[in-house]
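Inspection log for the structure reproduced underneath, given as structure tokens.
Every number in this text was worked out from the coordinates using simple rules, so none of it is lab data. These numbers were taken from a predicted model, which means no experiment stands behind them. Reconstructed Cβ throughout: ideal geometry from the backbone, glycine too, with neighbour counts over all protein chains shown.
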Amino acid sequence: MESILVLAHTEEDGSLARPALEALAAARALGGSVSVGLVGGKVQPAAGQAAAAGARVLAVQGEAYTQPRYATDAAAAEALARASDAQLILAPSTSRWARALAGVACRLGGRIDTHVTQISMQNGVPAVTRWFYRQRMEGVLTRSERPWIVLLESGAGDPASLPAEPAGAGIQFLDAPAAETRTAVQGIEAPKAGQETIRPDAKLLFVAGAGWTKKQADGAVHSTEAEQLILGFLGGSGASLGGSKSLVDLSGEGQAVLPFMTHLNQIGQTGATPRHPKGLSTCCHGEEPHVVGWRFVTERRAVNLDPNCGWARGKADVVYVADAFEVMRRVNRLLAG
């Protein structure tokens, strides 16, 4: 079996986040020797987690690697890859690695595949699975070129199970090649507490459609109330917010919009493919591109006034034929109680 390297950048406290643990679990499932390459300002907690999984630990540590930056991240990843001499390199598909690892593959003379949802052994060689054509087609790929870098989508697998107490780790620290850093990190701008609507670890995905901004039974648009109902539900339930393409596109058409809804919330078509255990769609018609984005949602329910909407045609487990405004008013009252 080929040697495997798992690349991971540490969190602020020096630990590994869930996407990194998912990549580690995928590497262990392949068999063979596994090394973990850590990048960050502090790596000791993450090294203990990796050692508990039985992996050899390599690290590039320093203040320059605290924040994501292409020059330093690419230099660190290249140093770890060369030191490990791994033929297969797995990494979580975070924005930090997605930005840097294509360049690293070029420096190493290897190949890279992104948006991979599964990796397994087939006929004695590693094979990756990913989706094409807006998640409508599934493909299985193998490559002969090495080293082969694979970016694994988060949420597609289970994280590595580790002992409650991290193991003591022997860390091999590396000096990354000097990188020309023309980018300076000035700080982080983040939403205020309670304003974040994208929650990947939430148990429920709540998806709003364009019907929220259309005329209601009284002939008027109630976008302000729609905003209050949706945000009230998100606050009370801790759900993650998604939006249909028709809704997030309304801002370009001069129509009433929900100010907290952006293209980052879009589900289906060119948007995200979420993996929440449950999903609730409101004021959506259940068009195929939108439903395809729900492929990995286990339990799907919808609220729509039209009993013949797309959700009712075998695309949802349960369809509530009702007014979404009335339903969410009642639900929010129950949550408040």
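Structure notes:
- Neighbour-count order for Val207, Val6, Val34, fewest beta carbons within 10 angstrom listed first: Val34, Val207, Val6
- Charged neighbours of Thr298, selected by a Cβ distance under 12 Å, balance to +4 (K, R count +1; D, E count -1).
- Relative packing of 300-307, 56-63, which averages over residues the other C-beta atoms within 10 Å, highest first: 56-63, 300-307
- The chain - mean residue ellipticity at 222 nm from DSSP helices (-39,500 (n - 2.57) per run, n ≥ 4, rounded to 500): -8000 deg cm²/dmol
- Which of Gly310, Thr282, Leu335, positive extreme of dipole for segment 204-336 (C-beta unit charges): Leu335
- Fraction of beta bridges assigned by DSSP in the chain that are antiparallel (%, nearest 5): 20 percent
- Intensity falloff of the chain expressed as log10 I(q)/I(0), Debye formula with alpha-carbon point scatterers, at q = 0.07, 0.10, 0.11, 0.13 Å⁻¹: -0.35, -0.69, -0.80, -1.01
- Listed by Cβ neighbour count within 10 Å, with the fewest neighbours leading, Ser244, Ser35 appear as Ser35, Ser244.
- For segment 4-173, the share of DSSP beta bridges that are antiparallel, to the nearest 5, is 30%.
- Each Lys or Arg adds one and each Asp or Glu takes one away; over the other residues whose Cβ falls under 13 Å from the Cβ of Ala100, this sums to +2.
- For Ala20, net neighbour charge (Lys/Arg +1, Asp/Glu -1) across residues whose Cβ lies under 15 Å away: -4
- Ordering Ile119, Ile188 from the fewest to the most neighbouring beta carbons within 10 Å gives Ile188, Ile119.
- Peptides 327-336, 146-155, 196-205 ordered by packing proxy, namely the average of other Cβ atoms within 10 Å per residue, highest first: 146-155, 196-205, 327-336.
- For the cross-link pairs Lys214/Lys278; Lys215/Lys245; Lys278/Lys315, the ones whose C-alpha atoms lie over 24 Å apart are Lys214/Lys278.
- For segment 34-158, the fraction of C-alpha pairs more than 18 angstrom apart is 56%.
- For segment 196-337: rounded, prolate or oblate by the Cα gyration tensor [a/c cutoff 1.5]: rounded
- Mean separation of Cα contacts under 8 Å, 6 or more apart, over the residue count of the chain: relative contact order %: 14 percent
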